[in-house]
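The values are calculated or read from the model by the stated rules, or taken from the named source; none is laboratory data. In this text, all values refer to a predicted model and were calculated from it rather than measured experimentally. Positions of Cβ are backbone-derived with ideal geometry, glycine not excepted, and every protein chain shown enters the neighbour counts. Accessible surface areas use protein heavy atoms only, side chains included; no ligands, DNA or RNA. Shrake-Rupley method; radii C 1.70, N 1.55, O 1.52, S 1.80 Å.
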Amino acid sequence: MPNLPFSPEQIAAERLKPEEYEEIVQRLGRHPNKAELGMFGVMWSEHCCYKNSRPLLKQFPTEGDRILVGPGENAGVIDLGDGLQLAFKIESHNHPSAVEPFQGAATGVGGILRDIFTMGARPIALLNSLRFGNLDDSKTQRLFKGVVSGISHYGNCIGVPTVGGEVYFDAAYSENPLVNVMALGLMETQEIVKSGASGIGNPVLYVGSTTGRDGMGGASFASAELTDKSMDDRPAVQVGDPFLEKSLIEACLEAFKTGAVVAAQDMGAAGITCSTSEMAAKGGVGIEFDLDKVPVRESGMVPYEYLLSESQERMLFVAEKGREQELIDIFHRWGLHAVVAGTVIAEPIVRILFKGEIAAEITATALADNTPIYHRELLTEPPEYARKAWEWTADKLPECTAAGIEVQGNFQTWNQILLTLLDTPTIASKRWVYRQYDHQVQNNTVILPGGADAAVVRLRSPETSIIKDKSSTVDAVSEAQEIVEAEAVIPLFSKGQGREIGEVAAPLDSEGQVKVIPGVAATVDCNSRYVYLDPYEGAKAVVAEAARNLSCVGAEPLAVTDNLNFGSPEKPVGYWQLASACRGIADACRELETPVTGGNVSLYNETVDAEGNPQPIYPTPVIGMVGLIPDLTKICGQAWQKEGDLIYLLGIGELSENSDVKTSPTLGGSEYLAAVHGTIAGKPPIIDFDLERQVQKACRDGIRSGWVRSAHDCAEGGIAIALAECCISAKLGASIHLYPNSQHSQRWDELLFGEMGNCILVSVSPANEAAWTSYLQENLAASWQKIGLVDSTEGSLRVFTTDNLPLIEVNIADMGDRYYNAIERRIASA
């Protein structure tokens, strides 16, 4: 193209391809100016327009009886009944956290919270899904500490509890950590606030903080591989102010309740460019916006900098004409900026003014909707790495006996291997992480981090209010708070120690009885090793595990928000992983009737070394799922509750020649295979959705009927690790008998540490044994077994074969030391 105003290097610097630049020229009928080129660069990035993933996302189920707002808005919204509506969403801040872990993670929290309260919802909880490299590496430790510190700083200061999450450590994330943050909020406005502009002549208000040069081009930075020079992109990392955002929450919710706000949009990725173009495109109108009206924190800024700045804590409103001063006064009262900076116009364009002249003028849909879409060719067969991995079988491991197995020339007992796995940072307690988070602010956290498979938060209607908080610090280890009815005042107790930690005033019904208080459960999940080995089956397993975790606290799974973290879609293997995983998520969500309300796509998670060799992360489709708990008195955690309780395994029958077994543990893709034998291979567990639904329903029904007193999903590390975690949490031992499947020549390590879906460990009081057994016989057929009972306090986990041959006997103190101190030991030794 002759007489280009920009060099190929300048075009590439905006993360635009040559053919995309040609498309821009064709659409404009001219060459763009510098500001317009920057606008196209950020809006045509994968982060903003999903140009590689949008065709794949269309297969997700997005409709359901409870869905009020699906994909396309700032957050999804579902109906919880009784006038309660929940907004929730997950977002990533991966690349910013790789170059500036503290601010990258902190502003990730701030951004997802703005998505929630922009809808008119008050944020009530945060969760996070984090991935790092090997924790023994000094760089990983720096990133890990910085990210956790950033999350705790922003969440603690703003007053939203961080109630749950997950942390994985694997060399695949050494240079490219993942920071995914999920937020939940309860709607406070009568109408859900949407983002589509309307009303020709209505004023456009800029509200919140000032605009500076921080975060320049963050959206396009997030859509490129990380290289040795990525540290030079530190200006693309935003700087947040949680105290200012707290004021912004209150001001926005107050403004929304006036009815004077027509539409609202967070200024997140791509800042002013994204908010103006998306609001205009969604409303089928245009926006004229004057940069001279924008409050700034730096002098000498040019249109390019204004438009691409991602300074935090800023919003864009469309107000009813004549009521703008009413809104401005609200923001000024909260110490925030608020100015009329634009107008809704009939022509469907974004027109940017600067110093009395037009600085940019682009059709709104060209930026927001009508963007490039790439339909890439899918591999006709799985790539070589997957086919080779699938050839692996357990027969390639050394033979094992009831005593143990040889590992790299040294014989290890099953006791030693259990302790090794408990000391693995991915399996070990994340106490070092969550103790930095304020998980009890707002006084609605019912199950504390580390206490169960999912977080549980009380849903407070306007008529339910906190009276007092008697304790700001409660040991989180397996201690679920319990609501106990007592006339109109319900005391909250820390289970196990019996400490009263607060009270809640609850409304009474017409008969003077305390009304049932509902709750919401939430979880974030992804076993990325499964997805790497088999993206389709692995993604299905991720969705199933998220639903299973909710069922383990008694919640009915309702809906999903997803965060798709993948490598480059421009490479055949990368696109195969992405496409296969999306198909798996779609199929699993249909099977479990959990529609997708929205989410985030983060591609190009690859590190390019000095020689130009790209190293992608494991494909990591994180699933955030929420569920409804109708009655908060009917929940449970993972810890055993009482000596003598009976222990059952749901989802797996008596493993003998005559049993009707649908699934059995496998070592393919297991933590045992990776951590003990250093092998990443095999096929991950395959989900039987008929059995999955039955097992989850049995668990929920058991909890709600008062039979099941504890429940824990068998995940990484298999049955042995699940048993150990229940013992450690409760400080109670267990005596277990396991049944090897002789029909399938099952190995002892498969039985102990093999992993599978459809499997939940529960404990039941002997008084309820008859009712529980009758229920299982009727609803789970042969897919369950009674495997043991809870032992004395400060005892041991003892696992035997059916003929009383000992497999494992480890005391709780030793297990707890490995489990609780694995991360602390590595951090302290740095």
> Given the conditions (1) under 19 Å from THR801 (Cβ atoms); (2) within 25 Å of the chain's Cα centre (by Cα); (3) outside any helix (DSSP H, G or I); (4) of a type in the set (A, V, I, L, M, F, W, C), which single one is not true for ILE721?
Replying inline: (3)
>> Any residue at all in region 452-464 that's open to solvent by less than 60 Å² (accessible area, probe 1.4 Å), of a type in the set (Gly, Ala, Ser), over 30 Å from ALA35 (Cα atoms) and at pLDDT below 95?
In response: yes
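Count, please, the residues in region 611-637 that happen to be within 23 Å of LYS697 (Cα to Cα), part of a strand (DSSP E or B) and open to solvent by less than 10 Å² (accessible area, probe 1.4 Å). I'd like the intermediate steps shown before the answer.
Taking region 611-637 and keeping what is within 23 Å of LYS697 (Cα to Cα), we get 623-637.
Among the residues that remain, those that are also part of a strand (DSSP E or B) are: 623-629.
Subsequent filtering for residues that are open to solvent by less than 10 Å² (accessible area, probe 1.4 Å) retains 623-627, 629.
Number satisfying all stated conditions: 6.
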>> Among the residues of region 337-358, what is the count of those that are surrounded by 23 or more Cβ atoms within 10 Å (Cβ to Cβ) and over 18 Å from ARG27 (Cβ atoms)?
In response: 4
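Restrict the check to region 568-589 and report whether at least one residue is more than 24 Å from THR445 (Cα to Cα) and of a type in the set (Asp, Glu).
If we filter region 568-589 for residues that are more than 24 Å from THR445 (Cα to Cα), which is where we start, we get 568-589.
Remaining after also requiring of a type in the set (Asp, Glu): 570, 587.
Yes: region 568-589 contains one or more residues that are more than 24 Å from THR445 (Cα to Cα) and of a type in the set (Asp, Glu).
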> Of all the residues that make up region 419-451, how many are at positive phi and surrounded by 22 or more Cβ atoms within 10 Å (Cβ to Cβ)?
Replying inline: 1
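With ALA720, ALA734 as the choices, which residue is buried (at least 24 other Cβ atoms within 10 Å of the Cβ) and farther than 24 Å from CYS526 by Cα? Steps first, answer last, please.
Details: ALA720 fails: farther than 24 Å from CYS526 by Cα.
Only one candidate passes the filter, namely ALA734.
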>> If I go through region 398-418 residue by residue, how many of them are open to solvent by less than 20 Å² (accessible area, probe 1.4 Å) and within 30 Å of ARG131 (Cβ to Cβ)?
In response: 5
>> Among the residues that make up region 747-754, is at least one of them at pLDDT 95 or above, in contact with an Asp or Glu (Cβ under 8 Å, 6 or more places away or on another chain) and not β-branched (Val, Ile, Thr)?
In response: yes
>> Pairs please, first residue from region 671-692 and on the phi < 0 side of the Ramachandran plot, second anywhere and in a helix (DSSP H, G or I) and among the acidic types (Asp, Glu), Cβ atoms under 7 Å, 6+ apart in sequence or on different chains.
In response: TYR672/ASP749; PRO684/GLU537; ILE686/GLU537; PHE689/GLU591
> Exactly one of (1) closer than 30 Å to PHE753 by Cα; (2) touching a His at 6+ places or on another chain (Cβ under 8 Å); (3) modelled with pLDDT of 95 or more is unmet by ALA476. Its number?
Replying inline: (3)
> Tally time: how many residues in region 370-387 are open to solvent by 80 Å² or more (accessible area, probe 1.4 Å) and in contact (Cβ under 8 Å) with a residue 12 or more places away in the chain?
Replying inline: 3
>> If I go through region 696-707 residue by residue, how many of them are surrounded by 24 or more Cβ atoms within 10 Å (Cβ to Cβ) and closer than 9 Å to ILE635 by Cα?
In response: 0
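So is ALA782 at pLDDT 95 or above, of a type in the set (A, V, I, L, M, F, W, C) and open to solvent by 30 Å² or more (accessible area, probe 1.4 Å) or not?
Details: at pLDDT 95 or above: no; of a type in the set (A, V, I, L, M, F, W, C): yes; open to solvent by 30 Å² or more (accessible area, probe 1.4 Å): yes.
In short, no.
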>> Within region 114-124, does at least one residue satisfy the condition of being of a type outside the set (Phe, Trp, Tyr) and at pLDDT below 95?
In response: no
>> Give me the residue from region 251-271 that is under 27 Å from the mean Cα position of the chain (by Cα) and assigned to a helix (DSSP H, G or I) and, out of that set, surrounded by the fewest Cβ atoms within 10 Å (Cβ to Cβ).
In response: LEU253
>> I'd like to check something: does region 396-410 contain any residue that is within 21 Å of VAL167 (Cα to Cα) and either of a type in the set (S, T, N, Q) or in contact (Cβ under 8 Å) with a residue 60 or more places away in the chain (or both)?
In response: no
> Which is over 30 Å from LEU253 (Cβ atoms), charged (D, E, K, R) and touching a residue at least 24 places away in the same chain (Cβ under 8 Å), of ARG15, ARG114, ARG30?
Replying inline: ARG15
> Where residues in region 798-820 are without any contact (Cβ under 8 Å) to a residue 60 or more places away in the chain and part of a helix (DSSP H, G or I), which of them is surrounded by the fewest Cβ atoms within 10 Å (Cβ to Cβ)?
Replying inline: ALA813
